[in-house]
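Here is the structure we will look at.
The values are calculated or read from the model by the stated rules, or taken from the named source; none is laboratory data. Note that the coordinates shown come from a computational prediction; the quantities given were computed from them, not determined experimentally. Cβ sites come from the backbone with ideal geometry, for glycine too, and all protein chains shown count toward neighbours.
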Amino acid sequence: MRNVYVVGIGITSFTRLEYPLAEIAAYPAMMAMKDSGISKIDHLYVANMGAGRINQQTGLASAVIDTLSLTPAGATAIENGPASGASAIIQGFQAVASGMHDVVMVTGAERMREVNNLEATDFVATLTHPLAEYIYGVTLPSLAGMFTRLIMEKHGVTSRHLAMVAVKNHANAMHNFFAHLHQPITIEAILDSPEASTNNPFVAEPLRFFDMCPVSDGGACLILASEDVAKKINRPKIRLAGLGQATDTHAVQERKDPTELLAVRGAAAKAFEMAQIKPSQVNVAELHDAFTILEIVESEEVGFFKKGEGHKALERGDTSLTGKLPINPSGGLKAKGHPVGATGIGQAHEIVTQLRGEAEKRQVKNAKIGFTCNFGGFGNNVCCLVFKRED
Amino acid sequence: MELYGYKCKKCGHLHYPYRMVCKNCCKNEHNEFDPVPLPRKGKLLTFTILHNPPSDYEVVTLGLGIVELDNGIRVTGQLRIPNPKIGMKVRGEIDVVHAAEYDKQYGMVFFKA
């Protein structure tokens, strides 16, 4: 297998965007081409989840490649729920690593705010089991609520810990120009004050409004290339060193222990093994905090902290921007935003920015090894990536 | 009406929901499962009260939970229980769980036992 490098990156703001979906995919691609100086690619992978359902557009890859005037290069769209982004990165990696292609572009885009919040939530809920979950009105927030209640019983995680994740990630997003929410919050305002129940109402008990990610439009892009191509580009050498993907039962109820996220554990273990590093060597991580509880539990399942101790690391400040292992310096899905198909690529964009040392006020010092976890379904399809700076 | 589990004809392992290959023996060739009505009694494993149900549910809040039935099979269902508690005994009934325009869907609804 050949080594694969990230040679160019681009991103849009994660927010409400008023331009068409194909342009949301193409704009970060143009940024990535400018960033790398590359103007010709062998193949385009477009990560997207909802075009057919919420934007009435199918065959998105053909639209994007033509918008970029990059025809006749090959183009493929990849849908793998909220893990579409990292799934597309894995496909791009395979194409370059195998020697089939030298330069591929992986761009993700979503335009969810074309519909209202309830419709957007219903669209994401279609990834649940059609007969055993969806018909009952099960949504992703409700699966997260049921999961949170079990974790609270088992490990002593409280609403205060969840609020601490939200406060930390909102604070990080203040330094990220591309983040959806530029809104500093305090524990007092969302938990302790008399107005807290108005500011922060229940959505899916015990989860509240500020435990949920926003519904975002947005796009992000990586250009992946072989070592020969990367050598000629005068940018820091960031190698995509480890990739892992794992699955779990479709219906959450079928898991032997519903408090365990086995697909997260499996995907992370594969990625670390391939990169030949230990979780303790990671300097900066982007975890899939669509719900605050997920940042805590994923930080345990990927191996950063012992099972049941993620919330203690959070309390100690280990995961804050100046801590031992900063998690979600971008603001995470919680505050940076969650345009589902683009999210995994947005996470990789942040890690590459950090490893290049270009993250400005949210820069993690001496970051050489970065990690992302892109969580699809409610933990039934998970992709983890390890990035290494090599110069 | 019943909610069915699916028993593998080769090894007897009971599944819910339906799957095409047995999780236990992986030996089925084609639809080799016997439908078996699931028991109605069980205990509540976890639950949530959803305050923003999907748009076509005309309710303010929707109770949802995962119940472990007496035979060990777990079912996600709607809760019609005022103050649910983890571990409480519940009984299930088959009722309308989603009513789209000309299309009613039936599933398990749980009450306090």
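Structural remarks
- The range A:24-40: number of residues that are among the hydrophobic types (A, V, I, L, M, F, W, C) and buried (at least 23 other Cβ atoms within 10 Å of the Cβ): 5
- In the set (1) β-branched (V, I, T); (2) within 30 Å of A:A230 (Cβ to Cβ); (3) within 14 Å of chain B (Cβ to nearest Cβ), A:V96 fails one condition alone, (3).
- Screening the candidates A:L131, A:L118 for the property of being facing another protein chain (nearest Cβ under 8 Å), in contact with a Pro (Cβ under 6 Å, 6 or more places away or on another chain) and of a type in the set (A, V, I, L, M) yields one hit, A:L131.
- Scanning the range A:229-274 for residues that are β-branched (V, I, T) and either farther than 24 Å from A:H349 by Cβ or surrounded by fewer than 22 Cβ atoms within 10 Å (Cβ to Cβ) (or both) returns A:V229, A:I233, A:T247, A:T249, A:V252, A:T259.
- Residue in the range B:99-106 that is more than 12 Å from chain A (Cβ to nearest Cβ) and either of a type in the set (D, E) or within 13 Å of the chain's Cα centre (by Cα) (or both) present: yes
- Cβ pairs under 6 Å, 6+ apart, first in the range B:14-25 and more than 22 Å from B:E2 (Cα to Cα), second in a loop (DSSP other than H, G, I, E, B): B:V21/B:N28; B:N24/B:C11; B:N24/B:H13; B:C25/B:K10; B:C25/B:C11
- Residue in the range A:67-75 that is touching a residue at least 24 places away in the same chain (Cβ under 8 Å) and farther than 20 Å from A:M100 by Cα present: yes
- Filter pass, A:E110 being at pLDDT 95 or above and of a type in the set (D, E, K, R): yes
- Residue check, A:I190 buried (at least 21 other Cβ atoms within 10 Å of the Cβ), of a type in the set (A, V, I, L, M) and more than 24 Å from the chain's Cα centre (by Cα): yes
- B:Y18 being surrounded by fewer than 16 Cβ atoms within 10 Å (Cβ to Cβ) and closer than 27 Å to A:T259 by Cα: yes
- Set side by side, the residues B:L64, B:L45 differ, and just one is in contact (Cβ under 8 Å) with a residue 24 or more places away in the chain, of a type in the set (A, V, I, L, M) and in a strand (DSSP E or B), which is B:L45.
- Selection count where residues are more than 14 Å from chain B (Cβ to nearest Cβ) and either in contact (Cβ under 8 Å) with a residue 60 or more places away in the chain or farther than 20 Å from A:H161 by Cβ (or both), scope the range A:179-208: 7
- Residue match in the range B:73-87 (condition: surrounded by 12 or more Cβ atoms within 10 Å (Cβ to Cβ), in contact (Cβ under 8 Å) with a residue 12 or more places away in the chain, over 24 Å from A:G145 (Cβ atoms) and more than 12 Å from chain A (Cβ to nearest Cβ)): no
- Test: A:K232 is of a type outside the set (A, V, I, L, M) and within 30 Å of A:L140 (Cβ to Cβ): no
- Selection from the range A:215-255 of residues that are within 14 Å of chain B (Cβ to nearest Cβ) and assigned to a loop (DSSP other than H, G, I, E, B): A:D248, A:T249, A:H250, A:A251, A:R255
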